[in-house]
Structure formats: C-alpha cells, structure tokens
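Have a look at the structure below before the remarks.
Bear in mind that the values in this text are calculations on the coordinates, not laboratory data. Bear in mind the structure is a predicted one, so any value in this text is a computation, not a measurement. Every residue, glycine as well, gets a Cβ built from its backbone with ideal geometry; the counts of neighbours run over all protein chains shown.
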Amino acid sequence: MQMGGGGDVCALPVGMLWRGLPGKGELSDAQLLLLQAVGVKEIIVNTNSAAARGKWKWEGSRRAVLARCERYLAAGFSLGLMPWVWCRPAFMQACGAQLSALCDDLGVGAVRLVQMDWEGSAERSAKDGAKRAGVSMAQWVDRCLSVLVAGLPDDVRLGITTLYFRRAAGDAAIKWVGAGGCRVSEWIGQFYSPWLTSPPHSAKKAKATHAANFQPGILQARGHDFYASLYPYLDTTGAGLNLWALKRPQMQAAQALDLAVEQVRLQPHGWVGGWAGHLIMNNSARFELALRMYDRLCLGGVRVLDGGGSAAAAAQWPDNPPGADVKWRGVWVDPKVADGGRPAGCVRIRAVGLTARDVGRLARVVRKVCLQRGWIRGTCVPVTFKTRSLVCVFQKHTATWVGGKTVLGDYDGLTVFAAEVA
C-alpha cells in the first residue's frame, strides 16, 4: 500500500480490503483485477479466531491462511495480517511468534503490515490486566506491545484498527512508543455498524445499532471527530467502511453506502478500508457497490485496468474471433448498465455499419469468458473489430431464444455497442 510517511498523507486515498472469516469460495481472478482497477492496493487477511478466549487459534487453519496470503501476493497486492488481539503478555508473545513464522514462510518483505484488530476483547483484557498488576493502562499496554513487537520481523510495520468510538487501551496503543522507537504507525477506524436485530444478538446490542448516531454519514463524522486529536501520533490514518450489512429501514443499501462515502470524502485520510471481503465475493450487488465505493474514494471516477494484475488472470485468454482484437486487460465495470442500457459514449452497432450477425461470434466468446471468470453484470470489454472500436457489455437480458422461440426471464446476456466517433 502506498502511504504517507513522516506524518504526510497521500493526496488521494488508496484502498484495502479486509479478507475475514472463511467463506464459500474465494475472490475470483476477475474480481481481484476489478478491485485493483478501482484503487485497492492491499488485502488484510484475518489470521486467528476471535472466539478462542485469549488462546492462539488459526482462523480455519494455518494452511488455508498461508495459501490465501500467497494467492493475493501473486495477484499483485501488498499484504497485511490482522490478528484479533487480547492485551495480555502471554497472548501477545504467542501472536508474535506465530505471525513471525508465517512471515518466514511467505518470504522476506512479503508482509508489509501487522494490523491489530483491537476491539472489546483487547479493551477488557487490558483493563483487567492493568488492575491485577497494579499499573496504569499505558504501562500495561507498553508491556504487552513490547512483547508483541519483539517477536515480529523488523521490516513489518505495526498498525491497529479500532472501533469508531475511543477507549482507554486503544488510545494508549495509538500513543505508545516502545524501546528503540517502536510504535503503532498506522491506524484505521472502523467507521461502520451493521443494522442488528435480535436474536441472535442481544436486544440491548441490537437496539444500540438503531440509534441515530449509528446511522450512515452520522457515524463516520462522529468517528473522525473522536479520533482527530490522535492523528498526530500516526504516520497514516484511514477510514473503514462496511460493504455488507448496509440496509436500513426506508434506505436502500446503495444510499446507505453513498452517505458514508460522502462523509469520508471530507476527511483527511490516506487510505480507505472495506469490511467483509469474505461476504461480497458471492453477492454481485454488494460487490458492485464495493467497486463504486473504491472508485469514488480512491480514484474519483471510472478507471480501466492498466495492464497490471495477476499473471494467472491475464494468461489463457481465448483466441480472438476473426477480425477482432479483444482488450481483455482493458475491462472496467459500469454499474449503471448492469440491468441494461448503453455505456456513456456508445451507440448501436448499426451506426458504424455492423449487424448482429457480424458480431455474433465475438459476443459468444466474450460472454463465455464473463461467465467462466465470474465477472459481474456491468462489466465492459473494449474491442477493436475491423477497425471499429466496440464495447461488449455483460448485462441483464430479459429474453432469450430457446428452440426457436422467445422466452422471457432474467438472463446473463452480452450486448455489443460501438464507441461513438467524435
């Protein structure tokens, strides 16, 4: 991840994605390319179980975490590891040892960041530990973080992600300076809240998420105001937004995320994070919203792929149909045309002297790739065809041919448009 140093902040944020609990499947190669296209530079991988009661337990398995890390590195992302932490010396020692061994397996320089997931477990354990030891909160946090960093490789930066409201132990960690100048240099606030109901959550916890101060836009403003006085202690600050549990009564998911995004755009952060990468991979609507969020915050507009990304995703493209040069690495996503319609600057192909018969084979090839690679509706593929500039759009079709008859429905279709000539 590109970041500001010495207290500077990037002119525009860069994106990171939290890859959390095991889900069904993984982000596809196509999804990884699309995330890169809209400014995601780093993926943070959860490493251990939050339900382990202060003992180290790998999330899923160590083998799965290692394989996931290797895949993201191969795809061209920088890598962060996010341990859920308890502020106890014994846990921090085990955490440092386990993550150090994982870093060794991944290779020198592979892991850029260890980002502590500092939530209720860290706060409660810190409060209890300081009380039993008869020391101040700052002294207890120093004891625990000193043990942690002693076990980490020297080239790995230490970061922290905290809840949107401040607590004593989290503040102490942000302000901490250890032996040799070791410190927490990066922070990201979890500026989000799902809309909970009970059960399975307690009625009290669920009710709290319905309060006005938890709502999109308001929560992000409050989070920034809470932490602004601590920003000088850090090299880099960031805002984390929710990509999953977005709906609110009388508010669609897109509106909820837009309200949050517009508030964060006013804040002076160097990067933006998205929570629930493990959930959006199998939900095209949420994945599209995530792309729109990163595009708005990181790039400020639509940007096509520039040839970067994983070698695996770029390899094994099908042969071009006769007369066509498909620009597979120029793919972009336009959510506005997912359900139909033309991208801006496009016209019907008949305007450039082509018919559906001319581009039929081209359409079949591009549609097949979209389906094979799990590309979402709204994916646009540029093509040069017999000197014409075309755009193939993977989108909703409301009818198809079956047995020589028109059948109505909701289908994954491919429409070919011509780029309008000025």
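Within 10 Å, count the other beta carbons around each residue, average over each peptide in 64-70, 128-134, and list them highest first.
Result, highest mean Cβ count within 10 Å first: 64-70, 128-134.
In percent, what relative contact order does segment 317-419 have, based on Cα pairs under 8 Å that are 6 or more apart in sequence?
33
Would you mind calculating the gained length between residue 266 and residue 225 on full extension (0.36 nm times residue separation, minus the Cα-Cα distance), in nm to one decimal?
Net length gain for the segment: 13.6 nm.
Looking at the chain, what % of its DSSP beta bridges pair antiparallel, to the nearest 5?
45
From Cα pairs below 8 angstrom and at least 6 apart in sequence, can you work out the relative contact order of the chain, rounded to a whole percent?
RCO, the chain: 17 percent.
Using the alpha-carbon atoms, what tilt in degrees (0 to 90, nearest 10) does helix 284-294 show relative to the longest principal axis of the chain?
That works out to roughly 70 degrees.
With θ set to phi - 60°, apply the Karplus curve 6.51 cos²θ - 1.76 cosθ + 1.60 along segment 383-400 and write out the HN-Hα couplings as whole Hz, x wherever there is a Gly or Pro.
Computed from phi, the couplings for segment 383-400 are 9, 9, 10, 6, 6, 8, 8, 10, 9, 8, 10, 7, 7, 5, 10, 9, 8, 8 Hz.
Can you tell which of 89, 372, 165 lies farthest toward the positive end of the dipole of the chain, using +1 and -1 charges on the Cβ of basic and acidic side chains (Lys, Arg; Asp, Glu)?
372
Tally Lys and Arg at +1 and Asp and Glu at -1 over the other residues with C-beta under 13 Å from the C-beta of residue 341: what net charge comes out?
For residues surrounding residue 341, the net value is +3.
How far is helix 89-106 tilted off the main Cα axis of the chain, in degrees rounded to 10, range 0 to 90?
Approximately 40 degrees, to the nearest 10.
Quick one: net charge of residue 182's neighbours, Cβ under 12 Å, K/R +1, D/E -1?
Every neighbour counted, the sum reads 0.
If we count every other residue with Cβ under 15 angstrom of residue 402's Cβ, Lys/Arg +1 and Asp/Glu -1, where does the sum land?
Every neighbour counted, the sum reads -1.
Identify which of 193, 136, 185 has the largest mean-square fluctuation in a Gaussian network model of the chain, with springs joining Cα atoms closer than 10 Å.
Result: 136 has the largest fluctuation of those listed.
Alpha carbons only, please: Rg and Dmax for segment 317-419, in angstrom.
13.0, 36
What FRET efficiency comes out for residue 372 versus residue 319 if R0 is 22 angstrom and r is the Cβ-Cβ distance? Round to the nearest 0.05.
0.90
Scan (i) 151; (ii) 199; (iii) 166 for the value of volume of the Cα convex hull per residue in Å³ calculated from this model and give just the label.
Label of the calculated value: (iii).
Sequence neighbours fewer than 8 away in the same chain don't count; with that in mind, list the lysines whose C-alpha is under 19 Å from residue 386.
By straight Cα distance, residue 386 reaches 327.
Under a 10 Å cutoff between Cα atoms, tell me which one of 203, 126, 285 has the largest fluctuation in the Gaussian network model of the chain.
Evaluated over the chain, the most mobile residue of the options is 203.
May I ask which of 131/205; 41/247; 368/396; 57/175; 127/175; 57/131 have a Cα-Cα span longer than 21 Å here?
Flagged as over cut-off: 131/205; 41/247; 57/175; 57/131.
Between 379, 162, 406, where does the largest GNM mean-square fluctuation fall for the chain, given springs only between Cα atoms within less than 10 Å?
So, out of 379, 162, 406, the one fluctuating most is 406.
Near the amide H of residue 395, under 5 Å away, which other amide H atoms are found, from residues 5 or more places off or on another chain, if H is placed in the peptide plane?
Amide H neighbours of residue 395: 378, 413, 414, 415.
Provide the gained length on full extension for the span residue 63 to residue 351, in nm with one decimal, where the gain is 0.36 nm per separating residue minus the Cα-Cα distance.
98.2 nm
How far, in nm, would the chain grow between residue 124 and residue 412 when pulled straight, counting 0.36 nm per residue and subtracting the alpha carbon separation?
98.7 nm
With only Lys, Arg, Asp and Glu charged, each at its Cβ (+1 for the first two, -1 for the last two), find how big the charge dipole of the chain is about the Cα centre; round to the nearest 20 debye.
Rounded to the nearest 20 debye, it is 1160 debye.
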